[in-house]
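Shown next, in structure tokens, is the structure this report addresses.
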Amino acid sequence: MIINKNVSLKGYNTFGLNYLADCIIHLKNEKEAKSVFDGSVPYKKPLIIIGGGSNLLFTGDFKGTIIHPVIRGIRLVKEEGNIVIISAGADVKWDNLVEWSVERGFSGLENLSLIPGSVGASAVQNIGAYGVEVKDSVVKVKTVDISDGTTRVFLNSECEFGYRSSVFKKRLKGKYLVTRVYFRLKTSQILNLGYGSLKEEVLKLGGPELKNVRKAVIKIRESKLPDPEIIGNAGSFFKNPVVSKLIAENIKKDYPEVPVYDESNGLKKIAAGWLIEKCGWKGKREGDAGVHENQALVLVNHGKASGKDIYKLSEMIKKSVLDKFGIELEREVEVIGPI
């Protein structure tokens, strides 16, 4: 266990915001987590848990304790027929896990290539891309209860996965520390190529093979999304709104080109990036807070924007989409601090 006081948060959020945290506790295993949460190691409240910081917007110094799990390691747990069970520590970089799986011929995660963040956060957020969500592969999530340090395993059915959400983000937010996630993958290459231009890119790379799917996803994402190492951002800032069939049809009357996708129960999902672009925000700046020039769904820090600057820009975007389309966007990024 490593405890740091008065720590800059610049390296803990992909917007590159240089606020301070009173204390960060780095936990290497569940035993260390237990010692913190059972009261053996005192800490200052409030307490939050962070992973790779790719889904956070700090708006000021954090006057409390940040728990940062640094639990690593990828393991092959079980292999039976064409099914494999693997596990990964919460601090494993998500794309490293995808790469590890694809190199071994395990299918299921390849459409989620190059998504920033950690394995632990993937289960909290239920990350998704190109027609796949992580919930499709999660078997169970191992956690530590922050109220007393006890271990609890959540089966997939107990995780209450939804669109970019889970029980860890909603009903039990801040109650459990994710330590390890278990995934069910396949040795037979069952590929999902039905979303957007993915199939076309895969064919350009030589055909429907696991490695080609990963290469295609990376190519598409790199063409649209900025690298946080070059310009501060948190990837998709807003969720794609899910609306009624009537609302989607009304928009389609005026804008036949609007990207609409079928959801369960007859609902429709509309591309938030398209809505934002139609409101004229693509490539625009408000000081050093801006909207990316290639993907309107991504808000960026051009250098000296504060968290409040970025938050204010997001509110302006939300208002303009609501005024023009009658749809209220929901932030995918978690805002921490005063607004």
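Nothing in this text is a laboratory measurement; each read-out follows from the coordinates by a stated rule. Quick caveat: nothing in here was measured; it's all calculated off a predicted structure. With ideal geometry, Cβ positions are generated from the backbone for all residues, glycine too; neighbour counts draw on all protein chains shown.
Can you tell me which residue within region 160-209, out of those that are small (G, A, S) and surrounded by fewer than 16 Cβ atoms within 10 Å (Cβ to Cβ), is nearest to S264 (Cα to Cα)?
G162
Has region 71-84 got any residue that is touching an Asp or Glu at 6+ places or on another chain (Cβ under 7 Å) and either among the hydrophobic types (A, V, I, L, M, F, W, C) or surrounded by 15 or more Cβ atoms within 10 Å (Cβ to Cβ) (or both)?
Among the residues of region 71-84, at least one is touching an Asp or Glu at 6+ places or on another chain (Cβ under 7 Å) and either among the hydrophobic types (A, V, I, L, M, F, W, C) or surrounded by 15 or more Cβ atoms within 10 Å (Cβ to Cβ) (or both), which makes the answer yes.
Condition check ((1) touching a residue at least 40 places away in the same chain (Cβ under 8 Å); (2) part of a loop (DSSP other than H, G, I, E, B); (3) farther than 23 Å from Y130 by Cβ; (4) in contact with a helix residue (DSSP H, G or I) (Cβ under 7 Å, 6 or more places away or on another chain)) across all residues:
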| position | (1), (2), (3), (4) |
| --- | --- |
| K219 | no, no, no, yes |
| E222 | yes, no, no, no |
| P228 | yes, yes, no, no |
| Y311 | yes, no, yes, no |
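Name every residue in region 313-332 that is in a loop (DSSP other than H, G, I, E, B) and surrounded by fewer than 22 Cβ atoms within 10 Å (Cβ to Cβ), in order of residue number.
Those that are in a loop (DSSP other than H, G, I, E, B) and surrounded by fewer than 22 Cβ atoms within 10 Å (Cβ to Cβ): G326, I327, E328, E330, E332.
Hey, any hits in region 152-166 for a residue that's within 25 Å of R75 (Cβ to Cβ), assigned to a strand (DSSP E or B) and acidic (D, E)?
Looking through region 152-166, none of the residues is within 25 Å of R75 (Cβ to Cβ), assigned to a strand (DSSP E or B) and acidic (D, E).
What about Y176, is it free of Cβ contacts under 8 Å to residues at least 40 places away in the same chain and among the aromatic types (F, W, Y)?
Taking the combined requirement at face value, the residue satisfies it.
Looking at the structure I just gave you, is V298 within 30 Å of G11 (Cα to Cα), aliphatic (A, V, I, L, M), buried (at least 21 other Cβ atoms within 10 Å of the Cβ) and touching a strand residue (DSSP E or B) at 6+ places or on another chain (Cβ under 9 Å)?
yes
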